[in-house]
Amino acid sequence: MKIVVCIKQVPATTAEKRYTADHRLDRAATEAIINPLDEYAIEQALRLQEAGAADLVGYLSMGPQSAAEALRRALAMGGDEAVLVTDPALAGADEWATATVLAAALDRLAPDVTLMGMASDDARGSLVPGAVAAKRGLPLLSYGAELQLGPQGARIRRLTASGHDIVGAQPPLVASVTDQVGEPRYASLKGIMGAKRKPLETWSLADLGIDAEALRGGALTRVVEVRAPERKPPAERIEAATAEEAASRIADWMQARRLI
Amino acid sequence: MTYRPTREHDELRAVVRQLAEERIATRAAEIDATAEFPWDLKQLLAQQDLLGASFEERYGGTALDGVAQAILVEEIARADATTSLIPIVQKLGSLPIVIAGNDEQKERYLPRLASGEWLIAFALTEAAAGSDVASNRMRARRDADGYLLTGSKRFITHGSVADLLTVFALTDPALGGRKGMSAFVVETSRPGFAAPRVEHKMGIRGSPTAELTFDEVRVPEANRLGAEGEGFRIAMSTLDVSRLAIAAQAVGIAQGAIDAALSYAADRQQFGQRVVDFEAIQFMLADMQSRTEAARQLTYAAAAQVDAGSREVAYWTSCAKLIAGDTAMSVTTDAVQILGGYGYITEYPVERMMRDAKITQLYEGTQQIQRLVVARQLLQRAGVPARGNEREREAP
């Protein structure tokens, strides 16, 4: 059983995001990390490998050359090999272009299970797992709180408002998992050192037989505007000399709004 | 001798920093308040292979270079000085085995120390013999079955939690500490060994500093490191290298205090502006950071000297520990000043850092001993014959 985990390099969650003139994230200006939601997919794949349910875990990423760092970091957590698809024509790729490229790379890697995080921390489109499954004509098990692989096939447990659903399918398939799978591990020192010796290949669009023209500039959609959230009015401060006076003013305030 | 921090060093720093911020910094205040050894963090460090960084690969270690080892200690100490002592003391206690042990002894002990399955402590200091190591009194009497160790040790970091000790005891009292002392590896499970008391300390409070007693503890000859009488040399060679980790610890404590002070000053408003906007505060922060950076770079330079097998290892590690320890003390004191009253209370971490910093001026050779080592080298280079208290100049 071969699992390929698709990961995305994103700006650090806490980093201040900068945008280019055409509303694209300036990736060079910010510290980059593995998309935190993808780390859960990595953790899930490694747990399946440790349990003997998978014999090979590979990683696939599409992004700029610097995304190789994210793949090395993933290899430091565990797993066996990684592929980066990078091409200047992919700058500004949207979910459709990303899914097209990932699907082509996955055709070559031919995993039994393609595993992804439920969304990316930067774009949050949540479309890529479904789009990749659709392009490759495979079943999709989405939003799993857990993925199980066994003789009966693959199953995910998906949390619902009233409990959970168990959804199954036969590999090859695409699955996405949530942050319920368990805390992602830290890379150990031996993992970091061992990762340098693991194979990491770089493929271009030409390697995948994709015509850059056919990607139509890498996107069917475009970002029209980037806006900061609207500022809320400042909180009203109540300052009083004594606790009693403060309490009575808070009570008045609440009463005026029919809160008490 | 030059050194060059590499991409690998940056990567190691990033990984250890994340681990330290998420898992260690969050425990630091509690460890300090309860003064309990953080077994959970020892387990975490072992699991992440961070206790084996100094050990050779054939013993299960990762054999990191000196700069990388310094970065590792620095980043843990930035979050919590107590926890940084776990890898520091693991190396300190193991160095006598690495320096003087034979292959069988290395095979027997190093793999379980590199993995963190066992903890080790370095038992040299005695109540009446601190800086003056040659005044040690603990005895190791030889008989047909090996040695019987009798006496006591004091101020032994991790002495009460260790599975193994490297112990220094007189095999020939007539020759004195310098010529008559030998080194032994002692399993703490041996009958007659006890750790009856743990000190109450100002800082590094989660790191137990124990008094150890040996009542006719039987140790086989196979546990002696090197030849009889080599104990003093082994101890000094150990400290020449190990004190570099204290320099790295001091740099980490200082950086932690700067980062805490900066974050506070950027948030705190007084007189209608952020505290960090006052030039007086910016100047303090700039001084703190540049001194810490100087101490850090000196520590890395010393690490490269150790790696290169320099003949002046003691000089370099003493220079680094002297500068880094004094920097940690002054920087943490200034950090408390920047936080004002908030710096003095346990709600913020800088008072703990200030208490922790003090120990870096005291252990593994006081700052005064470091100055003696540096001065000795200075005089030697200049061809000036040294005079004065011979014993003092031989001290660690």
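Each reported figure results from applying straightforward, stated rules to the coordinates on display, with no laboratory input. What you are looking at is a predicted structure, and each value in this text was computed from that prediction instead of being measured. Neighbour counts are summed over all protein chains in view; Cβ atoms, including those assigned to glycine, are modelled from backbone coordinates with ideal geometry.
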Out of A:ALA214, A:ALA154, A:ALA68, any idea which swings most in a Gaussian network model of chain A, alpha carbons joined below 10 Å? A:ALA214
Non-local amide H neighbours of A:TYR59 (under 5 Å, H modeled in plane, Pro and chain starts lacking H): which ones? A:VAL5, A:GLU81, A:ALA82, A:VAL83
The alpha-carbon center of region B:176-243 and that of region B:148-174 are separated, in whole Å, by 3
Report the calculated FRET efficiency for A:ALA15 and B:GLU187 (r = Cβ-Cβ distance, R0 = 45 Å), to the nearest 0.05. 0.35
Summing -39500 (n - 2.57) over every DSSP H run of at least 4 residues in chain B and dividing by its residue count gives a helix-only mean residue ellipticity at 222 nm, to the nearest 500 deg cm²/dmol, of -17500 deg cm²/dmol
Under a Cβ-Cβ cut-off of 13 Å, what is the net charge of the residues other than A:ALA256 that fall near it, where Lys and Arg count +1 and Asp and Glu count -1? +1
Just name one of B:PHE155, B:GLN337, A:LEU138: the one whose Cα is farthest towards the positive end of the charge dipole of the protein assembly as shown (beta-carbon charges, Lys/Arg +1, Asp/Glu -1). B:PHE155
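For region B:158-283, what is the charge dipole size about the Cα centre, in debye to the nearest 20, if Lys and Arg each add +1 at the Cβ and Asp and Glu each add -1 at the Cβ?
Magnitude of the dipole: close to 120 debye.
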Could you please report the charge total around A:ARG157, scoring K, R as +1 and D, E as -1 over all other residues with beta-carbon less than 15 angstrom from its beta-carbon? 0
Pick from B:GLN273, B:GLN297, B:GLN105 the residue whose mean-square fluctuation is largest in a GNM of chain B, springs joining Cα atoms under 10 Å. B:GLN273
Within region A:142-260: Cβ-based charge dipole about Cα centre, in debye rounded to nearest 20 (Lys, Arg +1; Asp, Glu -1): 300
Taking amide hydrogens as modeled 1.01 Å from N in the peptide plane, which residues meet the under 5 Å criterion relative to A:GLY144, leaving out close sequence neighbours? A:SER176, A:VAL177, A:THR178
Please give the net charge around B:LEU225, taking every other residue with its beta carbon less than 13 angstrom from that of B:LEU225, where Lys and Arg add +1 and Asp and Glu add -1. -1
Could you calculate the FRET efficiency of B:ALA308 with B:LYS179 from 1/(1 + (r/R0)^6), where r is the beta carbon distance between them and R0 is 30 Å, rounded to 0.05? 0.50
Rounded, prolate or oblate: which fits region A:70-152, taking a ≥ b ≥ c as square roots of the Cα gyration tensor eigenvalues, rounded meaning a/c under 1.5, else prolate when a/b beats b/c? rounded
Work from the charge dipole of region B:120-227 (Cβ charges, +1 for Lys and Arg, -1 for Asp and Glu, about the Cα centre) and give the residue of B:ALA121, B:PRO191, B:SER207 farthest towards its positive end. B:SER207
What percent does the relative contact order of chain B come to when contacts are Cα pairs within less than 8 Å and at least six residues apart? 17
Along region A:77-87, Karplus-curve 3J(HN,Hα) (6.51, -1.76, 1.60; θ = phi - 60°) to the nearest Hz, with x for Gly and Pro, reads 6, x, x, 10, 7, 8, 10, 10, 9, 9, 6
Considering only B:GLY101, B:LEU72, B:PRO385, whose Cα is most displaced toward the positive end of the charge dipole of chain B, charges sitting on Cβ of Lys, Arg (+1) and Asp, Glu (-1)? B:PRO385
What lysines sit close enough to A:LYS17 to cross-link, taking a C-alpha to C-alpha distance under 22 Å and skipping anything fewer than 8 places away on the same chain? A:LYS8, A:LYS232
Among the listed pairs A:LYS190/B:LYS153; A:LYS2/A:LYS135; B:LYS179/B:LYS201; B:LYS153/B:LYS179; A:LYS2/A:LYS190; A:LYS190/B:LYS358, which have their C-alpha atoms separated by more than 29 angstrom in this model? A:LYS190/B:LYS153; B:LYS179/B:LYS201; A:LYS190/B:LYS358
As straight-line cross-link partners of A:LYS198, the qualifying aspartates and glutamates (C-alpha separation under 17 Å, not fewer than 8 residues apart within one chain) are A:ASP55, A:GLU69, A:ASP80, A:GLU81, B:GLU8, B:GLU11
With +1 on each Lys and Arg Cβ and -1 on each Asp and Glu Cβ, and nothing else charged, work out how big the dipole of chain B is about its Cα centre, in Debye to the nearest 20. 1040
What fraction of the DSSP beta bridges in the protein assembly as shown is antiparallel, stated in percent and rounded to the nearest 5? 60
